[in-house]
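Engineer: Submitted below is the structure of interest, expressed as structure tokens.
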Amino acid sequence: MDWQSAATGRFPATRLRRNRRHGWSRRLVREHRLTADDLIWPVFVHAGQQRREAIDSMPGVDRLSIDLLVEAVGGAIELGIPAVALFPVTEAGKKTEDAREAVNPNNLVCQAVRAVKAAHGNSVGVICDVALDPYSSHGHDGLVRDGDVANDETLEVLCRQAVVQAEAGCDVVAPSDMMDGRIGAVRQALDAVGLERVQIMSYAAKYASAFYGPFRDAVGSAANLGQGSKDTYQMDPANGDEALREVALDWDEGADMVMVKPGMPYLDILARVKRAFAAPTFVYQVSGEYAMLCAAAERGWLNRQRAMLESLLAFKRAGADGILTYFAVEAAGLLRQGREV
Ligand code: PBG
């Protein structure tokens, strides 16, 4: 029987349950697999030494001082996680209207990058966010002029921010600000100072989402943003085609990798992006998704490990080449023990 008649076969000749009967057979026909190679671990860094601080809305996630970060990254490497994404918690006193701390070559994230690279070299990739929200007193990702986030003026600061991060040794800069033209501008700025080998992971299709709430608690930008919203620069959750335009522009401007964010509510976007461009596509399982799964698991409403692994595998099936997830270390630990889903 050729494949077409097999595919149109009818019960009882066709029984899809046959392949599912035993574990060995399910393993044979499994289409997608999650491995530690797929995981990028986002970590929050704060000032001090030997300082670890829990984040209420993200149970199991801690803010770490640089020394503890270096240790934790060692653990992640040991589990086979290829890259970490660092997010600084900026002291309130260092936040200003113009977010100038963002371009300080000795700011917290640059110190963290130097420490991680000094300890671990190229056994791990280090990714830094490019956006002004950790540093701005108003909590926006760009400069505010007359009540609006000023696109072109912001680009200049983002370029300087990307350069100081790259000079500190980060491998990948990840613009998450959603200004127009930022990928091209950052690429040019890096190339102009001889940093043409630094990769750009663009937060290309980044939606104005309620699911970032716990992250803003974690980095302490929630209070700064207050009632403000990012609707004038992040994407409208109602739009799908527009994501393809965002991604197309970013490839054109020189992105090495693109990302869709959030993850689970936007699997359709992830699948469309991967299908349309067949190029390195990442997804961010954001703080609110993490918090939801943890909260349900804490109440005994979901099995934490199974729900975690299933959510991550779903990203692979939808087309992700890699996943930024706060579960990275826990998931890699389970995978090491031979757990699948
Ligand atoms: C900063 C940034 C945000 C996230 C990553 N980078 C928050 C935002 O845009 O407000 C969210 C990550 C998460 O929720 O886990 N621009």
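Engineer: Going through region 220-242 one residue at a time, which ones are without any contact (Cβ under 8 Å) to a residue 40 or more places away in the chain and outside any loop (DSSP other than H, G, I, E, B)?
Structural biologist: Across region 220-242, the qualifying residues are ASP241, GLU242.
Engineer: Anything in region 155-179 that is within 13 Å of ILE200 (Cβ to Cβ), in a helix (DSSP H, G or I) and among the β-branched types (Val, Ile, Thr)? List them, or say none.
Structural biologist: Listed by number, the list holds a single entry, VAL163.
Engineer: What about VAL124, is it away from the ligand (no atom under 15 Å from the Cβ), at pLDDT 95 or above and either among the charged types (D, E, K, R) or surrounded by 17 or more Cβ atoms within 10 Å (Cβ to Cβ) (or both)?
Structural biologist: Judged against the criteria, VAL124 is a match.
Engineer: If a residue must be buried (at least 22 other Cβ atoms within 10 Å of the Cβ), more than 12 Å from the ligand (Cβ to nearest atom) and over 14 Å from the mean Cα position of the chain (by Cα), how many such residues does region 200-245 contain?
Structural biologist: Qualifying residue count, region 200-245: 1.
Engineer: What are the residues in region 314-339 that are more than 16 Å from the ligand (Cβ to nearest atom) and either over 12 Å from LEU39 (Cα atoms) or β-branched (Val, Ile, Thr) (or both), if any?
Structural biologist: Result: ALA314, ARG317, ALA318, GLY319, LEU334, ARG336, GLN337, GLY338, ARG339.
Engineer: Another question about this same structure. So, restricting to strands (runs of 3 or more DSSP E) that lie completely within region 35-92, which ones have at least 1 residues that are within 18 Å of the chain's Cα centre (by Cα)?
Structural biologist: In region 35-92, the matching strands (runs of 3 or more DSSP E) lie at 39-45, 62-64, 83-88.
Engineer: Any idea which of ASP191, ASP217, ASP268 is assigned to a helix (DSSP H, G or I) and at pLDDT below 95?
Structural biologist: Numbers: ASP191 fails: at pLDDT below 95; ASP268 fails: at pLDDT below 95.
On inspection, the qualifying residue turns out to be ASP217.
Engineer: For residues that are small (Gly, Ala, Ser) and within 15 Å of the ligand (Cβ to nearest atom), scanning just region 138-171, find the one that is surrounded by the fewest Cβ atoms within 10 Å (Cβ to Cβ).
Structural biologist: So, considering only residues that are small (Gly, Ala, Ser) and within 15 Å of the ligand (Cβ to nearest atom), the one surrounded by the fewest Cβ atoms within 10 Å (Cβ to Cβ) is GLY139.
Engineer: Could you pull out the residue among LYS94, LYS117 that is in contact with an Asp or Glu (Cβ under 6 Å, 6 or more places away or on another chain) and either free of Cβ contacts under 8 Å to residues at least 12 places away in the same chain or surrounded by fewer than 21 Cβ atoms within 10 Å (Cβ to Cβ) (or both)?
Structural biologist: LYS94
Engineer: Report the residue count in region 271-322 for those that are farther than 21 Å from VAL43 by Cα and assigned to a loop (DSSP other than H, G, I, E, B).
Structural biologist: 9
Engineer: If you don't mind, another one. Working only within region 314-327, note down all residues that are touching a strand residue (DSSP E or B) at 6+ places or on another chain (Cβ under 8 Å) and either among the small types (Gly, Ala, Ser) or surrounded by 20 or more Cβ atoms within 10 Å (Cβ to Cβ) (or both).
Structural biologist: PHE315, ALA318, GLY319, ALA320, GLY322, ILE323, LEU324, THR325, TYR326, PHE327
Engineer: Tell me which residues, restricted to region 296-337, are of a type in the set (Gly, Ala, Ser) and in contact (Cβ under 8 Å) with a residue 12 or more places away in the chain.
Structural biologist: If the condition is that a residue be of a type in the set (Gly, Ala, Ser) and in contact (Cβ under 8 Å) with a residue 12 or more places away in the chain, then ALA307, SER311, ALA314, ALA318, GLY319, ALA320, GLY322, ALA328, ALA331, ALA332, GLY333 are the ones that fit.
Engineer: Something else about it: Could you say which residue among SER287, SER311 is crowded, with 16+ Cβ neighbours inside 10 Å and within 12 Å of the ligand (Cβ to nearest atom)?
Structural biologist: SER287
Engineer: Of the residues ARG272, ARG304, ARG299, which single one is farther than 23 Å from GLY213 by Cα and away from the ligand (no atom under 16 Å from the Cβ)?
Structural biologist: Unique residue meeting the criteria: ARG272.
Engineer: A further question follows. From the list PRO12, PRO59, which one is surrounded by fewer than 18 Cβ atoms within 10 Å (Cβ to Cβ) and within 16 Å of the ligand (Cβ to nearest atom)?
Structural biologist: Working: PRO12 fails: within 16 Å of the ligand (Cβ to nearest atom).
Testing whether each residue is surrounded by fewer than 18 Cβ atoms within 10 Å (Cβ to Cβ) and within 16 Å of the ligand (Cβ to nearest atom) leaves just PRO59.
The values are calculated or read from the model by the stated rules, or taken from the named source; none is laboratory data. What you see is a predicted model, and the numbers here were worked out from it, not measured in a lab. Cβ coordinates were reconstructed from backbone atoms using ideal geometry, including for glycine residues, and neighbour counts include every protein chain displayed.
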